[in-house]
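S.K.: Following this message is one structure expressed as structure tokens.
Computed from the coordinates by the stated procedures, all read-outs in this text should not be read as laboratory data. It should be emphasised that the depicted structure is a prediction, and the values quoted were computed from it without experimental measurement. Here Cβ is always computed from backbone atoms with ideal geometry, including for glycine, and neighbour counts include all displayed protein chains.
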Amino acid sequence: MSDRILAAVMTAPRAPIDVREFARPDLPPASALLRTSSSEVCGTDVHLWHGRLAGVPYPIIPGHVSAGVVEASRGPLTGIDGATIGEGDRVVFFDVHRTCGSCRACTVHRTPTRCRARRVYGITDPASEGLFGGWAQAIYLEPGVALARLPDNVSMDDYIGGGCGLLTAVHIVERAGIDVGDAVVVQGTGAVGLSAIALARLAGAALVVAIGAPAARLDLAARMGADVVIDLTATSASERLDRVRSLTHGEGADVVVEAAGSAEAIAEGLDLARDGGRYVIAGHYTDAGASTINAHRQINRKHLDVRGCWGSEARHFLRALAILERHAASIPWREIGARRYGLHQLDAALADAEAMRIPKALVDPWA
């Protein structure tokens, strides 16, 4: 790798992506430089492009989930699983690279996703601080980043296809407490919803229903593990409710997962859950506006358990790797990354993701 490294910079919301040169960083002890093989353009990156995330220090190098090969390291590296990592290893890393570890969120409430000092590759670090994003030919891995060697039977495309959606889905299943034999409805067939479908099936759900669009995503949802797919654009909310109840002895689903990011989905999802069921909201990573609900009829009288699910933690990252190692050959995570783009093509990648022409774009910084 040369001393000049190309990276794609998002200078401001809606501004054209600017490909710039960055100097090769000096490496302090316990740090590394990762030669990027692949990164992703996911829904979060579209939100960044829209300017819908608060506190983003534009200009930034986006790309918060990436994979590559260790180009150089300063001293020994130890993976989150305790394995030794060296130069030449295929490596992935957890995108949250800093939390304080001492605030109430971290220590008392044990919710590090809500730590105010939380920093995430590709989102919270300005480009002026260096290569802290995956839309680049190299990524600076600062000391303390949670690393792991990519299992030999897992390809880069398997990992990036799952990407942040897979990590979030691991958290969703944990929050939902899916039991063997449960009926599960997933609202949304983007990257998060598709992985939630696969993991609900692996968790033992007896029935998995996917609600979404367009047709290509519904086809992929079926191959990810959905027993029934319902086209959001071809049905009304009442028709979808009737369909779910007809599949669940008139009761509704044991678990409903919101992975659509739609304000309208909330009211519908509460109705789709059975009395005493669980509703997990994971898709509202940005403010999609107000939802109109009836707290008495839809929550309290139903004795419904409603839970939020914000981001993921390091344990979800490690569990996602274990899931991929066991199941990537049979579950088509790689197909979620539908198309590959070079650094000079990322305006088109964002436009394609925004228009839902693809569930996710893969970024190849060497194309």
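S.K.: Relative to the longest principal Cα axis of the chain, at what angle does helix 263-272 sit, 0 to 90 degrees, rounded to 10?
M.R.: On a 0 to 90 degree scale, this one is about 50.
S.K.: Apply the Karplus curve 6.51 cos²θ - 1.76 cosθ + 1.60, θ = phi - 60°, to the phi angles in the stretch 160-167 and return the couplings in whole Hz, x for Gly and Pro.
M.R.: Per-residue couplings from phi come out as 6, x, x, x, 5, x, 5, 4 Hz.
S.K.: Per residue, how big is the convex hull of the stretch 164-308 when only Cα atoms are used? Give it in Å³.
M.R.: Dividing the Cα hull volume of the stretch 164-308 by its residue count gives 95 Å³.
S.K.: Evaluated at 25 °C with a viscosity of 0.890 mPa s, what Stokes-Einstein diffusion coefficient in µm²/s does the stretch 1-82 have when Rh comes from the Kirkwood expression over alpha-carbon pairs?
M.R.: In µm²/s, the coefficient rounds to 168.
S.K.: Given 5 Å bins starting at zero, what is the percent of C-alpha pairs of the stretch 48-136 in each, up to the one with the largest pair distance?
M.R.: Over the stretch 48-136, the share of Cα pairs per 5 Å bin runs 3, 13, 17, 19, 20, 16, 10, 3, 0 percent.
S.K.: Here's something else I'd like to know. Sorted from largest to smallest, which semi-axis lengths in Å does the alpha carbon gyration tensor of the stretch 222-360 give for its equivalent ellipsoid, taking the root of 5 times each eigenvalue?
M.R.: Ellipsoid semi-axes (Å, largest first): 30, 19, 17.
S.K.: Can I get the semi-axes of the stretch 104-143's equivalent ellipsoid? Compute them from the C-alpha gyration tensor as square roots of 5 times the eigenvalues, in angstrom, largest first.
M.R.: Over the Cα atoms of the stretch 104-143, the semi-axes work out to 26, 9, 8 Å.
S.K.: Follow-up. What distance in nm separates the simple spin-label points at residue 11 and residue 300, each placed 7 Å from Cα in the Cβ direction?
M.R.: Between residue 11 and residue 300, the simple spin-label model gives 5.4 nm.
S.K.: Could you order peptides 276-282, 238-244, 166-172, 125-131 by the average number of other Cβ atoms within 10 Å of their residues, highest first? If you can, show how the numbers build up before the last one.
M.R.: Numbers: 276-282: 23.3, 238-244: 15.9, 166-172: 27.1, 125-131: 17.7.
Top of the packing list down: 166-172, 276-282, 125-131, 238-244.
S.K.: Computed over the Cα atoms of the stretch 319-365, what is the convex hull's projected area averaged over all directions, in nm²?
M.R.: 3.9 nm²
S.K.: Helix-only estimate, please: 222 nm mean residue ellipticity of the chain, summing -39500 (n - 2.57) across DSSP H runs of length 4 or more and dividing by its residues, to the nearest 500.
M.R.: Working: 9 runs with 99 residues, N = 367.
Roughly -8000 deg cm²/dmol at 222 nm, from the helical runs in the chain.
S.K.: Taking the chain as a Gaussian network, where each spring joins two C-alpha atoms under 10 Å apart, which residue of 356, 156, 224 fluctuates the most?
M.R.: Among 356, 156, 224, the largest mean-square fluctuation in the Gaussian network model of the chain belongs to 356.
S.K.: Further question: If you count the DSSP beta bridges with both ends in the chain, what percent of them are antiparallel, to the nearest 5?
M.R.: In the chain, approximately 55 percent of DSSP beta bridges are antiparallel ones.
S.K.: I want to check the label-to-label distance for residue 249 and residue 111. Put each point 7 Å from Cα in the C-beta direction and report it in nm to one decimal.
M.R.: Reported label-point gap for residue 249 and residue 111 is 3.5 nm.
S.K.: Could you tell me, in Å, what Rg and Dmax come out for the Cα atoms of the stretch 7-163?
M.R.: Computed over the Cα atoms of the stretch 7-163, radius of gyration and Dmax are 15.4, 43 Å.
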